Amino acid sequence: MSIVIMVGQLILGLSILVILHELGHFLAARAFGIKVEKFYLFFDAWNFSLFKFNYKGVEYGVGWLPLGGYVKIAGMIDESMDTEQLAGPPQPWEFRSKPAWQRLIVMLAGITVNIILGIFIFWMLTVKYGETYTPNDSLKYGIVPGTVGEKMGLKAGDVIYAVNGIPVKRFEDLTSTDVLLNRSVLNVLRGSQKLDIPVPASILNDLSDHGIDQFISRVPRTTFAVDSVVAGSNAQKSGLLKGDSIVAINNHTIAFFDELQSQLLLDKNSKIQLSVKRNGELKQLTAQVTPDGTIGFAPKIDFPKQDTVNYGFFGSLPVGASKAWGTFTDDAKGLGKVFKGDVKFNKAVSGPVAIATMFGSQINWVRFWSLVGLLSMVLAFTNLLPIPALDGGHSLFLLIEMIKGKPLSDKFLERAQIVGFVLLVTLMVFVFGNDIVKQIVKH
């Protein structure tokens with residue numbers, strides 16, 4: 001059932017993005033009097049569709065190949081490679097008959113809609129929920145690094161008070177793209193010692209394998225107590241009770257929850273001695289640790305306080321627009337890191353499998369719309385790339401036409417379209433296979 005929910009959310013999210021993207025092309029074409037012959041969600045490869053109908057001269061439908069969608073614009077060389085119509089003289093209602101600036105607007109309309117959609121989604125999320133964050137100065141006991149953070153030199157209990165000399169106000173900012181993409185230096189307080197720890201340029205390679213929580217855990221270092229004990233668990237069999245405080249394991253002092261987790265992982269599949277404080281008394285209990293490093297209780301964690309900022313309806317617009325545009329620029333920075341060699345290409349790209357897991361196995365509408373907003377900006381950026389068969393490729397050729405004063409030849413555009421289509425199909429196959437390999441390695 002969890003797979004069905006993940007796939008369902010993926011299809012719903014991508015369908016929204018594709019339909020609105022193609023609607024941008026459709027409306028722009030119609031505004032300039034250009035005939036649109038087809039409007040499809042997914043591709044009807046070999047003219048096979050799951051559903052279709054005609055309305056006012058346009059065939060609307062759902063194809064069987066879920067690799068995007070398209071609008072077939074009369075008189076345009078596109079992914080359909082239907083060149084029969086181009087053999088005759090240009091008709092006034094065809095794409096090729098219109099001025100280059102009109103055709104450029106049609107090509108950029110889908111990207112424009114995706115950008116507007118991304119801004120709108122982040123705007124509405126900000127209106128509804130504001131911004132909730134953890135003040136960095138409310139962390140009493142510092143941070144908990146994961147394996148990636150430890151690899152670069154961070155230790156549990158470190159206080160990251162600034163990045164590149166600029167004080168950190170929000171704990172969540174420590175895992176932001178501003179930190180991860182910009183060769184940042186973390187200014188760290190370890191006890192009374194001040195340290196400067198650089199974030200390696202290749203950190204995205206490690207985060208691709210291990211996840212963002214393995215840089216700095218979203219849960220800072222905290223104290224804890226036993227909140228509840230799982231019925232029939234090893235914790236219950238040992239005599240552990242709600243309200244107990246575990247202060248040592250096998251005589252190793254335990255003060256924080258991350259220390260408990262680390263010690264249990266070291267002692268998995270083993271019997272351990274728990275030193276427990278109960279009503280002011282110290283008790284010794286014996287518990288069996290499971291193969292996954294747990295004993296079966298839920299902790300009561302002393303989370304630091306959180307603040308929420310509400311901006312109002314119009315005040316939320318620049319906040320939402322900044323979040324959306326930040327996603328767009330982050331994509332550009334990430335691509336730049338790939339070209340520089342800082343990040344491996346297979347670590348930088350994610351496909352349908354990875355995106356489906358991001359949606360999760362439970363429906364969470366805040367997460368859903370946040371991901372749709374993010375993907376809308378990613379789709380806008382990707383389509384803007386100057387690759388034949390993408391909107392950016394068509395736009396590049398139109399700009400060249402406007403500079404030259406005459407269009408590129410149909411033969412050149414046909415060949416470029418074929419090259420672009422083959423390139424995109426190859427990329428899709430690689431990305432899908434890469435996703436599967438990542439999932440196999442993780443498990």
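Just a few scattered comments:
- Length released on extending from T426 to I363, taking residue separation times 0.36 nm less the Cα-Cα span: 19.5 nm
- Projected-area average for the chain over all orientations - Cα convex hull basis, square nanometres: 26.6 nm²
- Given a 1.4 Å probe and the protein chains as shown, E37 ends up with an accessible area of around 40 Å².
- Equivalent ellipsoid semi-axes, segment 172-251, via Cα gyration tensor eigenvalues times 5, rooted, Å: 37, 17, 11
- Translational diffusion coefficient (Stokes-Einstein; Kirkwood radius from C-alpha pairs) of segment 319-443 at 25 °C, 0.890 mPa s, in µm²/s: 146 µm²/s
- Ligands, DNA and RNA left out, the 1.4 Å accessible surface of segment 149-288 is 49% carbon and sulfur atoms.
- A viscosity of 1.002 mPa s and a temperature of 20 °C, combined with the Kirkwood radius over C-alpha pairs in the Stokes-Einstein formula, give segment 140-216 a diffusion coefficient of 174 µm²/s.
- Spin-label model distance (nm) - S15 vs R415, 7 Å beyond Cα toward Cβ: 4.1 nm
- Accessible surface ranking for V168, V230, 1.4 angstrom probe, highest first: V230, V168.
- Per residue, the chain reaches -14500 deg cm²/dmol at 222 nm when only DSSP H runs of four or more residues are counted, each adding -39500 (n - 2.57).
- Sorting I111, I5, I11 by solvent-accessible area of protein heavy atoms yields I11, I5, I111, largest first, with a 1.4 Å probe.
- Carbon/sulfur fraction of accessible area - segment 342-427, other protein chains in place, 1.4 Å, %: 70 percent
- Accessible-area value, W64, 1.4 Å probe, nucleic acids and ligands omitted, Å²: 100 Å²
- Solvent exposure of K411, expressed as accessible area, is near 110 Å², computed with a probe of 1.4 Å over the protein chains only.
- Around T175: net Lys/Arg minus Asp/Glu count, Cβ-Cβ under 9 Å: -2
- The share of accessible area on segment 1-141 that comes from carbon and sulfur is 68 percent, using a 1.4 angstrom probe.
- Based on protein heavy atoms only, segment 1-79 ends up with 51 Å² per residue of surface accessible to a 1.4 Å probe.
- Tilt relative to the chain, helix 316-340 - C-alpha long axis, 0 to 90 degrees, to 10: 90 degrees
- Based on alpha-carbon atoms, the Kirkwood radius and the radius of gyration of segment 53-178 give Rg/Rh equal to 1.27.
- One quarter of the surface of the convex hull around the alpha-carbon atoms of segment 348-422 equals 6.6 nm², the direction-averaged projected area.
- Crossing angle, helix 391-404 versus the chain [Cα axis fit, 0-90 degrees, rounded to tens]: 50 degrees
- Heavy-atom accessible area per residue - segment 140-180, 1.4 Å, Å²: 50 Å²
- Normalised by 2.2 N^0.38 Å, where N is the number of residues, the alpha-carbon radius of gyration of segment 189-296 equals 1.31.
- Residue among I116, I301, I403 with the largest mean-square fluctuation in a Gaussian network model of the chain, springs linking Cα atoms under 10 Å: I403
- Straight-line cross-link partners of K337 among the lysines, defined as a Cα under 16 Å from its Cα and at least 8 positions apart when in the same chain: K347.
- Restraint check, K151/K194; K98/K404; K56/K411; K140/K242; K140/K169; K35/K56, Cα-Cα greater than 21 Å: K56/K411; K140/K242
- Accessible area (Å², per residue) of segment 204-289, counting only protein heavy atoms and a probe of 1.4 Å: 52 Å²
- Shown are F171, F313, whose ranking by accessible area with a 1.4 Å probe and every protein chain present, most to least, is F313, F171.
- 0 to 90° range, to nearest 10: angle between helix 410-442 axis and the chain longest Cα axis: 20 degrees
- Measure of compaction for segment 1-126 (Cα Rg per 2.2 N^0.38 Å): 1.17
- Note on segment 261-334 and segment 130-203: Cα centroid distance 16 Å, given to the nearest whole angstrom.
- Those residues of segment 219-238 whose amide nitrogen sits under 15 Å from the label point placed on Q261, 7 Å along Cα→Cβ: 219-225
The values are calculated or read from the model by the stated rules, or taken from the named source; none is laboratory data. Computed from a predicted model, the values in this text were never measured in an experiment. Cβ sites come from the backbone with ideal geometry, for glycine too, and all protein chains shown count toward neighbours. Note: areas computed on protein heavy atoms with side chains; ligands, DNA, RNA excluded. Shrake-Rupley method; radii C 1.70, N 1.55, O 1.52, S 1.80 Å.
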